[in-house]
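Colleague: There's a structure below that I have some questions on.
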Amino acid sequence: MARSSNRKLQFFVNGTRQDYNGDGDQPLLWHLRDQLRLTGTKFGCGTGLCGACTVHVEGKPARACVVNMGSLAGKRVTTVEGLAGKDALHPVQQAWREANVPQCGYCQAGQMMAAAALVAGNSAPDDAAIDEALRGNLCRCGTYARIRVAVKRAAELSRANSGKSTGRTS
Amino acid sequence: MSASRSSCAPESLARREFMQAGGALVIGFSMQGAIATPSAGAPGKPAGFKPNAWLRIDTDGSVEFLISKTEMGQGTESGMAMVLCEELDADWARVSVRTIQPDGKRFMITGGSYSIAGAWVVGRRAAAAARHMLLEAGASALGVPRAECRTGNHAVSHPASGRQLGYGELVAAAAKLSVPKEPALKDPATFKLVGKAMPAKNLDALVRAESRYGMDIQVPGMLYAVIERSPVVNGRIAHVDDAAARQVAGVSRVVRLRGNTFPTYNYVRDGVAVVANSTWAALKGRRALKVSWHESWTDGAPRNGALASSTRLATDFQRLLTDPAVKTENGLHPDVVAVRDGTVEGMNAAFQSAARTLDMFYDVPLQAHVPMEPMNATAHCTDERCEVWVPCHFQTRLFNALRELTGLPPERIIIHTTMLGGSFGRRLDVDYAIEAVMLSRELAKPVQVVWTREDDVRCGLYSPPSRHRVRVALDAGGNPLAMDHAFAALSVWKQQEPTEIEPSGLDYAAAFDAIKFPYRVPQRVVRHRLVEQTIRVFWWRRGYTPNHTFVNECLLDECAHAAGVDPLDYRLRLLPENQPVKFANKGGEVEEIHTGRLARVLRAAADAANWRTPLPKGRGRGIAATVTDTHVAQVVEVEVTDGRIRVTRVVTAVDCGIVINPQLVKAQVEGSVVFGLTAALKGAITVENGRVQQSNFHDYPLLAIDEMPIIETVLLPSTVAPSGTGEQISHPVAAALANAIFAATGQRLRGTPFRLA
């Protein structure tokens, strides 16, 4: 039961190679937060139900609380800290700011990561696409109305920027 | 208000916050005393004046507001700063806000949606005093009469000569002047900042995900811990087998924590802490832990945690409201009378002569707060010193608890308030921080205690459940002659602060929002009976306001339909015309509903929602209103197809006095609508054998983006003092929705969460 499942592997976080030598069962969430000190990714439920820990694995949204470190050999992970370039804001962050989305803000890194993945694959998401992509990201402050506005605006900004590099999305 | 120059700033503040005060101008003021203290109980309230907020202007011109209020997403920092910045004629870009550290001398709580109202009353006066002092210093420095000078844009100017001096240059001289006692305030008609849609001060940090919440704190040498708590209230550890837990890589200690006994003010469960070098190791260790519990060690039901049961609670409520074996008034239980308009005889006569009587039962279940950031606290406690980093908004409560726990003098207790990932009332209790300090003392090391979502849902505190019986006597025209509202409830005060209960047994916190009913009913009584059980209840977007708003606003709708009158017209007809109606709360405090303002929001919401335009079959509108200083009315539109309830539109009209920041008020409206809909449509907490039966978002779901209605907000112009919008707006949602469902289907739902037959 308490047997350790130690794993050695390499993976990439926000473009930087990371050597991992530890419990393969450890969820990515806790490695990011406790060991890499990337605390933008939040703990909300621990079981993939709330989306507060959403990151990108190989460019696709994933719940860091249910992705085990053992599954990440060679994989590219993007967290909210790596969403934009150093000083710039990602179009999603720009749109989030324009629409004054966050209240307490705790779930918003996850919301923005889910939105960034959506916008990367869909240049003009409609309401149904937004519902589909974000229904798993809960917000107790109830910022959903502004999230919807901001996702559409982020898509607009991304289209305007297309051709220019606005930061990594995977 | 009193004021102090930096040289005579309060001693502990001077040390902790103003080491570098130099020639700065500092004015202190007290945020409570100006207005009613929130109903969230407040033992240890200091007597007499102690400033708990300061404004400080430095020689470089920077302005800092130190406030005792806590930001948790409600925009209080920005809203308060806008009020002070406006009155000071300061430059918004040079204004910053910081939350003070509690020191035991000043009362520190954020709750009850009172922050903005308090800033308006006392904060403005402090800012005006500073502005007058700067004006005086400026006039003197420019060598011109004060009457020829103006303040504006962070400077004192002399328009006749075109000269001006910045605030920073004037601070040293201004700080030597005496503080005006009754400084003239700016005319709101001249406001430039207040009333503008401004982004929150912390918006940039939030979109960059750089805000530091409690869980983001990392202290050098810090350990991580999770706690296996007694599954029932008042359970005691029987046996611990920690052999497997200790085998888990990274686990360093397994520590028994002895809690105390419910009911008490700061209840903490018994638990076994697994301490490790990472959160994951602690979680894995806890999974390997085997603990058995004594669940029924104490004397009788009120303390026996294993007996707690929602089923038993429902039975108790029903018995108290209906048991014919108990001698009754009008066939109801003779419980504590909270208010009576008219007489017993008058009420009996009204029921006898009524053309029609209604007899309704309403139910409000337990609800969890589930803020997105689970409970957590980081503590470093030694024999000399106790330092805590905590997402908390009742710092005085924690401070007092830690003094008692550690025995340390006040200056050795340091509480850092982090950003809060929501609260909704939950973090007015400080159990999670006490646990962290208990554990850190045991370890003599810094430790972060994290609650999982399961811990939060199962071991928390919940909104107070209640069952209500309302009997109404209507005359031939459908107008109420008499109304008898009896309710049974669990009592927050009985559990935590029994001395707050009146000698008569009246619990004002539980009853006040039933007392507060402005509609004309000649014979009216409200009474309650409090039930004791080992289910911990607590403030939840206030305490009982959601419950009573649901009941009051549904029963009005039922009466309107019985009378054959449109529910909006019925309300307007029963409201006394354009006048303040006053209701006495605990300690002689008076709250007011202004019927003119209430009628105005009702009409505004109805107009914006096309109330008079009929809807097709299967769709319906419902209206409801509530007043806690701020007057709010809501129209909910619903579509019911194949037994599925879909809320399509929610229109809210708000009169919160002068609107400081319409952007933030609208954010509060949008959020409150979602909060109210979650309560009305989603889960409820249930307890059996002392165990909460839900554990995470799969069985305690929240409204998601794909269930969102269109939300529209009408902010009504006003010239009266601002009032809060933090929670009031969530209160009418359930009633408006129940009334809409009735309009759409003819089904009257009297309990949340709503389930169609």
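Colleague: I'd like to know if the range A:34-49 contains one or more residues that are in a helix (DSSP H, G or I) and either under 23 Å from B:Leu206 (Cα atoms) or away from every other protein chain (no Cβ under 11 Å) (or both).
Modeller: Yes: the range A:34-49 contains one or more residues that are in a helix (DSSP H, G or I) and either under 23 Å from B:Leu206 (Cα atoms) or away from every other protein chain (no Cβ under 11 Å) (or both).
Colleague: So, one more: Filter the strands (runs of 3 or more DSSP E) completely within the range B:566-651 down to those with at least 3 residues that are open to solvent by 30 Å² or more (accessible area, probe 1.4 Å) and either assigned by TED's automatic domain parsing to the domain that holds B:Pro503 or not acidic (Asp, Glu) (or both).
Modeller: Of the strands (runs of 3 or more DSSP E) lying wholly inside the range B:566-651, those with at least 3 residues that are open to solvent by 30 Å² or more (accessible area, probe 1.4 Å) and either assigned by TED's automatic domain parsing to the domain that holds B:Pro503 or not acidic (Asp, Glu) (or both) span B:580-584, B:590-594.
Colleague: Among B:Asn266, B:Asn234, which is the only one that is crowded, with 20+ Cβ neighbours inside 10 Å, touching a helix residue (DSSP H, G or I) at 6+ places or on another chain (Cβ under 6 Å) and away from chain A (no Cβ under 14 Å)?
Modeller: Selected residue: B:Asn234, the only one of B:Asn266, B:Asn234 that is crowded, with 20+ Cβ neighbours inside 10 Å, touching a helix residue (DSSP H, G or I) at 6+ places or on another chain (Cβ under 6 Å) and away from chain A (no Cβ under 14 Å).
Colleague: So which pairs qualify, if the first residue must be in the range A:75-101 and more than 9 Å from every other protein chain (Cβ to nearest Cβ) and over 16 Å from B:Asn202 (Cα atoms), the second must be open to solvent by 10 Å² or more (accessible area, probe 1.4 Å) and of a type in the set (Asp, Glu), the Cβ gap must be under 7 Å, and the two must be at least 6 apart or on different chains?
Modeller: Qualifying pairs under 7 Å: A:Lys75/A:Glu58; A:Arg76/A:Glu58.
Colleague: So is B:Leu677 within 11 Å of chain A (Cβ to nearest Cβ), assigned to a loop (DSSP other than H, G, I, E, B), open to solvent by less than 10 Å² (accessible area, probe 1.4 Å) and hydrophobic (A, V, I, L, M, F, W, C) or not?
Modeller: No: the conditions fail for B:Leu677.
Colleague: Something else now. Within the range A:83-105, track down each residue that is in a helix (DSSP H, G or I) and buried (at least 24 other Cβ atoms within 10 Å of the Cβ).
Modeller: A:Pro91, A:Val92, A:Gln93, A:Ala95, A:Trp96
Colleague: Looking only at the range B:680-702, count every residue that is within 10 Å of another protein chain (Cβ to nearest Cβ) and within 19 Å of B:Ala735 (Cα to Cα) and tell me the total.
Modeller: 1
Colleague: Can you tell me which residues in the range B:194-206 are open to solvent by less than 20 Å² (accessible area, probe 1.4 Å) and either more than 8 Å from chain A (Cβ to nearest Cβ) or within 18 Å of A:Gly44 (Cα to Cα) (or both)?
Modeller: B:Val194, B:Leu206, listed by residue number.
Colleague: A further question follows. For residues that are over 13 Å from the mean Cα position of the chain (by Cα) and either away from every other protein chain (no Cβ under 14 Å) or more than 14 Å from A:Ala95 (Cβ to Cβ) (or both), tally how many sit in the range A:114-131.
Modeller: 9
Colleague: Quickly run through the range B:711-747 and pick out the residues that are open to solvent by 40 Å² or more (accessible area, probe 1.4 Å) and under 22 Å from B:Asp642 (Cβ atoms).
Modeller: B:Phe742, B:Ala743, B:Thr745, B:Gly746, B:Gln747
Colleague: May I ask you to list the residues in the range B:94-117 that are in a helix (DSSP H, G or I) and closer than 14 Å to B:Gln74 by Cβ?
Modeller: Answer for the range B:94-117, where residues must be in a helix (DSSP H, G or I) and closer than 14 Å to B:Gln74 by Cβ: B:Ser115, B:Ile116, B:Ala117.
Colleague: Sticking with this one: With respect to B:Asn661, determine if the residue is under 25 Å from the mean Cα position of the chain (by Cα) and farther than 30 Å from B:Gly79 by Cα.
Modeller: For B:Asn661, the condition - under 25 Å from the mean Cα position of the chain (by Cα) and farther than 30 Å from B:Gly79 by Cα - is not met.
Colleague: Considering only the range B:474-503, state which residues are closer than 22 Å to B:Arg319 by Cβ and assigned to a loop (DSSP other than H, G, I, E, B).
Modeller: Answer for the range B:474-503, where residues must be closer than 22 Å to B:Arg319 by Cβ and assigned to a loop (DSSP other than H, G, I, E, B): B:Ser491, B:Ile501.
Colleague: Any residue that is open to solvent by 10 Å² or more (accessible area, probe 1.4 Å), closer than 18 Å to B:Val156 by Cα, touching a Ser or Thr at 6+ places or on another chain (Cβ under 9 Å) and not in a helix (DSSP H, G or I) - is there at least one of those in the range B:65-88?
Modeller: No, because not a single residue in the range B:65-88 is open to solvent by 10 Å² or more (accessible area, probe 1.4 Å), closer than 18 Å to B:Val156 by Cα, touching a Ser or Thr at 6+ places or on another chain (Cβ under 9 Å) and not in a helix (DSSP H, G or I).
Colleague: Hey, among B:Leu177, B:Leu165, which residue is crowded, with 19+ Cβ neighbours inside 10 Å and more than 14 Å from every other protein chain (Cβ to nearest Cβ)?
Modeller: Sole residue among the options that is crowded, with 19+ Cβ neighbours inside 10 Å and more than 14 Å from every other protein chain (Cβ to nearest Cβ): B:Leu165.
Colleague: Turning to a different aspect of this structure: Specify the residue that is farthest from B:Ala704 (Cα to Cα); the eligible residues are those in the range A:1-33 that are part of a loop (DSSP other than H, G, I, E, B) and more than 7 Å from every other protein chain (Cβ to nearest Cβ).
Modeller: A:Arg3
Colleague: Just one of the numbered conditions (1) in the same structural domain as B:Phe675 (by TED's automatic domain parsing); (2) assigned to a loop (DSSP other than H, G, I, E, B) is not true of B:Ile711; which one?
Modeller: Unmet condition: (2).
Colleague: In the range B:269-294, which residues are within 14 Å of chain A (Cβ to nearest Cβ), open to solvent by 10 Å² or more (accessible area, probe 1.4 Å) and of a type in the set (S, T, N, Q)?
Modeller: B:Asn277
Colleague: Also, I was wondering about something else. Failed condition for B:Ala734, given (1) within 28 Å of B:Thr315 (Cα to Cα); (2) assigned to a loop (DSSP other than H, G, I, E, B), with all others met?
Modeller: (2)
Colleague: Another question, then. Is there a residue being more than 14 Å from chain A (Cβ to nearest Cβ) and open to solvent by 40 Å² or more (accessible area, probe 1.4 Å) anywhere in the range B:427-438?
Modeller: no
Colleague: In addition: Could you please let me know if B:Ile705 is within 18 Å of B:Val650 (Cα to Cα) and either away from chain A (no Cβ under 14 Å) or open to solvent by 10 Å² or more (accessible area, probe 1.4 Å) (or both)?
Modeller: So B:Ile705 does not fit the description; no.
Colleague: How many of the residues in the range A:1-18 are over 21 Å from B:Gln218 (Cβ atoms) and touching a Leu at 6+ places or on another chain (Cβ under 8 Å)?
Modeller: So the answer is 2.
Colleague: If you don't mind, there's one more thing I want to ask. Looking at B:Gly657, B:Gly671, can you tell me which residue is open to solvent by less than 10 Å² (accessible area, probe 1.4 Å), in contact with a Pro (Cβ under 9 Å, 6 or more places away or on another chain) and either small (Gly, Ala, Ser) or at pLDDT 95 or above (or both)?
Modeller: Just a single option satisfies the conditions, and that option is B:Gly657.
Colleague: Determine the pairs where a residue that is on the phi < 0 side of the Ramachandran plot, located within the range B:279-297, has a partner that is among the hydroxyl-bearing types (Ser, Thr, Tyr) and open to solvent by less than 40 Å² (accessible area, probe 1.4 Å) with Cβ atoms under 8 Å apart, the partner being 6 or more residues away or on another chain.
Modeller: Cβ pairs passing all conditions: B:Thr279/B:Tyr224; B:Ala281/B:Tyr224; B:Ala282/B:Tyr224; B:Leu283/B:Thr452; B:Trp293/B:Ser230; B:Glu295/B:Ser230.
Colleague: Only residues that are more than 26 Å from B:His380 (Cα to Cα) and out of contact with any strand residue (DSSP E or B) (no Cβ under 9 Å at 6 or more places or on another chain): list them for the range B:425-479, please.
Modeller: B:Gly477, B:Asn479, listed by residue number.
Colleague: Shifting gears a bit: Take residues that are touching a Leu at 6+ places or on another chain (Cβ under 6 Å) and tell me which of the helices (runs of 4 or more DSSP H) falling wholly in the range B:227-327 contain 1 or more.
Modeller: So the answer is B:243-247.
Colleague: Can you go through A:Thr39, A:Thr47 and tell me which one is among the hydroxyl-bearing types (Ser, Thr, Tyr) and either under 25 Å from A:Ile130 (Cβ atoms) or in contact with a Pro (Cβ under 8 Å, 6 or more places away or on another chain) (or both)?
Modeller: A:Thr47
The values are calculated or read from the model by the stated rules, or taken from the named source; none is laboratory data. On a predicted model such as this, the values are computed, not experimentally measured, just so you know. As a convention, Cβ positions derive from the backbone with ideal geometry for all residues, glycine included, and neighbour counts pool all protein chains shown. The accessibility values were calculated without ligands, DNA or RNA, using every heavy atom of the protein model including side chains. Shrake-Rupley method; radii C 1.70, N 1.55, O 1.52, S 1.80 Å.
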